[in-house]
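Peer 1: Before I ask anything, let me first share the structure, which is written out below as structure tokens.
Quick note: the coordinates plus some simple rules give every number you see, no bench work behind them. Predicted, not measured: the structure shown is a model, and the values here were computed from it. As a convention, Cβ positions derive from the backbone with ideal geometry for all residues, glycine included, and neighbour counts pool all protein chains shown.
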Amino acid sequence: MFAQRASSIVDGSPIVYPFSEAAEAHPTGLIACLQQIKGGSSSILTAPSSKAYNTDRLGFNLRFNYKPAAIFHPRSEDEGAAAIRCAAIHNVAVVPRSGGHSYEGYGIGGKDGALIIDLNLFQKIAMDTNTGIAIVAAGVRLGDLYTKVWDAGQYLIPAGTCPTVGIGGLALGGGLGMVGRKYGLLSDSIVSMTMIDANGNVQEVNATSNIDLFWALRGAGAGSYGLVTEFKIQAYKAPDKVTTFSIIYPLRTYRSAIEAFGAWGPSAADDVMAVMILKPSSIRINVNFLGPKEQAQETINTLLNRIPGKPTRIKMVEGTWLQAAIKWGSGTLNSTAWEGSRYTQGRSLLYRTPLSTNEMDIIYKYLNYSPDNDTITRVLIDVWGGKIDRPSSSSSAFDNHRGVLYSIQFFIAWNDPSSTSGSIGPKCLKWSTDFAKEIRAAYRSGHNLEAYQNYIERDLPNWLHAYYGNNVLRLQQIKKTFDPQNVFTFPQAIPLP
Ligand SMILES: Cc1cc2nc3c(=O)[nH]c(=O)nc-3n(C[C@H](O)[C@H](O)[C@H](O)COP(=O)(O)OP(=O)(O)OC[C@H]3O[C@@H](n4cnc5c(N)ncnc54)[C@H](O)[C@@H]3O)c2cc1C
């Protein structure tokens, strides 16, 4: 039976899956099958017996220690397709990995035993300067993308801030960054994708081919439907000048600062993108303005006039978009700069109505309490609106989040490797859990809990609806069409109907 099925790995004919509730995964058979593909090259397969296994299986967030069945690094779509077929016939879950930045370690499966298909060898970036469309392989990191499209003629692509994040997860879950209010989310700029499905077939996915899948992948595509190998993304000519601001206030002004920022940001001009970062000692407001400093200053004054008292510092810099992107990337676009640096827990909430006084006081309370000296605690408020609400692209699975005023992310990071034992990790996780419980109890925005899928959180109550709202049933039907045997799965994947 195995030999019969194994032939379909090579010839691409439809696979008859042996799946049932009782079926067991067969990692030994899987490794043998993957070895057939690798044709003698040891560099593309990391098996549990490989020397590299204990480093290759780590993601950005070192809190997770999952043990995949194997990690496979295909060099081509054919190899990726063959690996998917191997996993399917051996009943092993397939998990794509692009940048490995999932908050819950889903790029390494979110549990033991998955086949990780790592796209680090998919690194093509090519700009068509006639159409302004960038062809971007799904293993590319954000810092490389920003640099290459800039070098191709001073283009920009709306995406995130961290240079080490992978395009795969970022684009398929949304992708919010410092030009988002002018150009929308990264997912809104996707023109087309190539995806290998659960049968190992290559699908072109765009507004005329696989239309339902095109809708689903843009917002709900991370890990649930197939292995996306390439994106075509609309890029935009960057304005000549970009002005950045970092404005600091003392934390004690939090109520008036949050109120003013929350009223100003979502209704500001589309050229403005802003994030408020609340720290235990201070509040920083980062603003990116697409235009020269004179215009930027006028816009900023409309914010400053709303906040009582003077800021303790204002830094304004006029430069290019690339310089701004470097600044928002904490001084670098080096795509390996922050690799695997810390233990973290992040969670999010989306707000359609302003934060209540009670919610602001909860934020203040948790910022004032740090579980340990060696701990970083932050609350980030990103303003939404602008093109995030008015995408020029067709409707997508992100549409349930249009109309949000701002997102809140509460975040803790620590350096101590003890996540479940030891002194620091458990205290940090408790900080995060208690904070979540309290602020969710106070949450009143839009009645039902709403959160951003790219800041994915395993213990978010009713997470399927919080991330995908009224789109859930349609997403499940599309899942059934393209992955009826649930080959692409992880703890928070779109489930079969
Ligand atoms: C330091 C840091 C900064 C961040 N900054 C931002 C930001 O500015 N804006 C923002 O919107 N988000 C941001 N995020 C969140 C980020 O968008 C998500 O964590 C995203 O899922 C990471 O994608 P990845 O490819 O790096 O991660 P991975 O762990 O590789 O993948 C994440 C999920 O996507 C799936 N996936 C990855 N590649 C593919 C593929 N090719 N085909 C199908 N599925 C795939 C994986 O299976 C997994 O479920 C940040 C995260 C971190 C850790």
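Peer 1: So what is the relative contact order for the chain, in percent, with contacts set as C-alpha pairs under 8 Å and at least six apart?
Peer 2: Here the relative contact order equals 16 percent.
Peer 1: Now for a separate question. Starting from the exponent 0.38 and prefactor 2.2 Å, build the expected Rg for the range 343-473 from its residue count and divide its actual Cα Rg by it.
Peer 2: Cα-based Rg divided by the globular estimate yields 1.13.
Peer 1: Shifting gears a bit: For the chain, what is the calculated [θ] at 222 nm in deg cm²/dmol (nearest 500), taking -39500 (n - 2.57) for each run of four or more DSSP H residues and dividing by its residue count?
Peer 2: Computed ellipticity for the chain at 222 nm equals -8500 deg cm²/dmol.
Peer 1: Through the Karplus equation 6.51 cos²θ - 1.76 cosθ + 1.60, θ set to phi - 60°, convert the phi angles of the range 177-193 into ³J(HN,Hα) values in whole Hz; use x for Gly and Pro.
Peer 2: The phi angles translate into x, 7, 10, x, 6, 8, 10, x, 7, 4, 4, 6, 9, 6, 9, 6, 9 Hz.
Peer 1: Per the chain: cysteines with no other Cys C-beta under 4.7 angstrom?
Peer 2: When partners are defined as cysteine Cβ atoms under 4.7 Å apart, the chain leaves CYS162, CYS428 without one.
Peer 1: According to the Cα gyration tensor, what semi-axes, each the square root of 5 times an eigenvalue, does the equivalent ellipsoid of the chain have, listed from largest to smallest in whole Å?
Peer 2: For the chain, the ellipsoid semi-axes come out as 38, 25, 21 Å.
Peer 1: Compute, for the range 26-139, the length of the dipole vector about the Cα centre, with Cβ point charges of +1 (Lys, Arg) and -1 (Asp, Glu) only. Units Debye, rounded to 20.
Peer 2: 300
Peer 1: I've got another one for you. Taking the Cα atoms of the range 242-319, what is the range of coordinates along each of the three principal axes, in descending order and whole Å?
Peer 2: 32, 22, 18
Peer 1: Which far-off residues, 5 or more places away or on another chain, put their amide H under 5 Å from the one on VAL165, with H placed in the peptide plane?
Peer 2: So VAL165 has HN proximity to LEU142, GLY143.
Peer 1: So, in Å, what gap is there between the alpha-carbon centers of the range 150-204 and the range 422-476?
Peer 2: 24
Peer 1: For labels at LYS310 and ALA207 in the simple 7 Å Cα→Cβ model, what's the distance in nm?
Peer 2: The modelled label-to-label distance comes out at 5.2 nm.
Peer 1: Could I ask something else about it? So, in Å, what gap is there between the alpha-carbon centers of the range 64-103 and the range 287-331?
Peer 2: Answer, in whole Å: 42.
Peer 1: Follow-up question, since we're still on this one. Determine the shape class of the range 232-371: with a ≥ b ≥ c the square roots of the Cα gyration tensor eigenvalues, call it rounded for a/c under 1.5, and otherwise prolate if a/b is greater than b/c, oblate otherwise.
Peer 2: Oblate, since a/c reaches 1.5 and b/c is not below a/b.
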